[in-house]
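Visitor: Quick one: structure below, then a few questions.
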Amino acid sequence: MYVSNELTKVKGKAEVYMMGNSMPKFDKYEDYLKKADTLKEATLQQPADLPEGYRLSKAEIMGPFSVDYSAQLKAEAKKLNKQIYSKKINWTTSNWIRLEYKNGDDTITLGSRNLDSVDLKQNKQGYTYVSAAEKNKENPKLDKKNLWNELNWRENGKLYYILTNDNPLKKEEMIKLAKTMVKK
């Protein structure tokens, strides 16, 4: 939705607002898949070797939003000489996706997000792994709930990652999950 600053008489405020369900959340894997299957990009799927006992606790997809959408909407409103203008966007790409699995207190989070132009310039190859212990050593003041074992990699303009709390999943097991978590 576009609302002209001339109409609101507020300087410096955003003129383009996202409304509607720009970040659907799902409790059931099947419901998540219905939306994920409408996207024209690689999405996340439940890995083939998900450890026993883990169940999906939540899934989220953040719809795309960019300066380009804002500029297009504002240009269309100006062209139509409207101070208030809205347009439905049937998005077929995401900004990010996250699937969270739990087994008691243990968590495995699978995620993807689009890389911005700065990230794309960094030509990182392969998997990067950082353990919760390494993060704690680097920053001992971090709260335990913010300490994660993290595996990430880049592929086709996206950053993919797996986060686990301090559970028994090892780097090699996370790489095994990584190999089957992306649905192309």
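Visitor: Restricting to region 45-91, what's the tally of residues that are modelled with pLDDT of 90 or more and within 24 Å of Asp116 (Cβ to Cβ)?
Guide: 5
Visitor: List pairs: first in region 156-172 and in contact (Cβ under 8 Å) with a residue 12 or more places away in the chain, second among the β-branched types (Val, Ile, Thr), Cβ under 6 Å, 6+ apart or cross-chain?
Guide: Leu163/Thr109; Thr164/Ile108; Asn165/Thr107
Visitor: For Tyr29, indicate whether it is among the aromatic types (Phe, Trp, Tyr), surrounded by 12 or more Cβ atoms within 10 Å (Cβ to Cβ) and either modelled with pLDDT under 80 or farther than 26 Å from Tyr85 by Cβ (or both).
Guide: Against the criterion (among the aromatic types (Phe, Trp, Tyr), surrounded by 12 or more Cβ atoms within 10 Å (Cβ to Cβ) and either modelled with pLDDT under 80 or farther than 26 Å from Tyr85 by Cβ (or both)), Tyr29 qualifies.
Visitor: Take the residues in region 1-17 that are loosely packed, with under 15 Cβ neighbours inside 10 Å and within 21 Å of Met62 (Cβ to Cβ); name whichever of them is modelled with the highest pLDDT. Please lay out each step first, then the result.
Guide: Taking region 1-17 and keeping what is loosely packed, with under 15 Cβ neighbours inside 10 Å, we get 1, 5-14, 17.
Still in the running and within 21 Å of Met62 (Cβ to Cβ): 1, 14, 17.
Numbers: Met1: 80, Ala14: 74, Tyr17: 68.
That would be Met1.
Visitor: Right, something else. Would you point out the residue of region 64-85, among those that are of a type in the set (S, T, N, Q) and exposed (fewer than 14 other Cβ atoms within 10 Å of the Cβ), that is farthest from the chain's Cα centre (by Cα)?
Guide: Asn81
Visitor: From the list Ala14, Ala48, exactly one residue is in contact with a Ser or Thr (Cβ under 6 Å, 6 or more places away or on another chain) and in a loop (DSSP other than H, G, I, E, B). Which is it? First the steps, then the outcome.
Guide: Working: Ala14 fails: in contact with a Ser or Thr (Cβ under 6 Å, 6 or more places away or on another chain).
Step by step, each of Ala14, Ala48 is checked, and only Ala48 is in contact with a Ser or Thr (Cβ under 6 Å, 6 or more places away or on another chain) and in a loop (DSSP other than H, G, I, E, B).
Visitor: Select, from Thr92, Thr107, Thr8, the only residue that is closer than 24 Å to Gly157 by Cβ and among the β-branched types (Val, Ile, Thr).
Guide: Thr92
Visitor: Run Glu173 past the list (1) in contact with a Leu (Cβ under 9 Å, 6 or more places away or on another chain); (2) under 23 Å from Gln46 (Cα atoms); (3) among the charged types (D, E, K, R); (4) modelled with pLDDT of 85 or more and report the number of the one that doesn't hold.
Guide: Going through the list (1) in contact with a Leu (Cβ under 9 Å, 6 or more places away or on another chain); (2) under 23 Å from Gln46 (Cα atoms); (3) among the charged types (D, E, K, R); (4) modelled with pLDDT of 85 or more, Glu173 breaks only (1).
Visitor: In this structure, does Arg55 turn out to be closer than 29 Å to Lys170 by Cβ, among the basic types (Lys, Arg) and under 13 Å from the mean Cα position of the chain (by Cα)?
Guide: When the stated conditions are applied, Arg55 does not pass them.
Visitor: Let me ask something additional. So Ser117 clears everything in (1) more than 20 Å from Lys58 (Cβ to Cβ); (2) at pLDDT 90 or above except one condition, right? Which one?
Guide: So the condition that Ser117 fails would be (2).
Visitor: Right, here's the next one. Please find, among Leu142, Leu159, Leu177, Leu163, the residue that is out of contact with any strand residue (DSSP E or B) (no Cβ under 9 Å at 6 or more places or on another chain) and either under 23 Å from Asp116 (Cβ atoms) or not acidic (Asp, Glu) (or both).
Guide: Going through Leu142, Leu159, Leu177, Leu163 in turn, just one is out of contact with any strand residue (DSSP E or B) (no Cβ under 9 Å at 6 or more places or on another chain) and either under 23 Å from Asp116 (Cβ atoms) or not acidic (Asp, Glu) (or both): Leu142.
Visitor: Could you please find all residues in region 53-72 being touching a residue at least 12 places away in the same chain (Cβ under 8 Å), farther than 14 Å from Gly111 by Cα and of a type in the set (D, E, K, R)?
Guide: Scanning region 53-72 gives a single hit, Arg55.
Visitor: Would you be able to say whether some residue in region 156-165 is more than 21 Å from Lys58 (Cβ to Cβ) and either at pLDDT below 95 or touching a helix residue (DSSP H, G or I) at 6+ places or on another chain (Cβ under 8 Å) (or both)?
Guide: Taking every residue of region 156-165 in turn, at least one turns out to be more than 21 Å from Lys58 (Cβ to Cβ) and either at pLDDT below 95 or touching a helix residue (DSSP H, G or I) at 6+ places or on another chain (Cβ under 8 Å) (or both).
The values are calculated or read from the model by the stated rules, or taken from the named source; none is laboratory data. Owing to the predicted nature of the structure, the values given are computational and were not obtained by experimental measurement. Cβ atoms come from the backbone with ideal geometry, glycine included; neighbour counts cover every protein chain shown.
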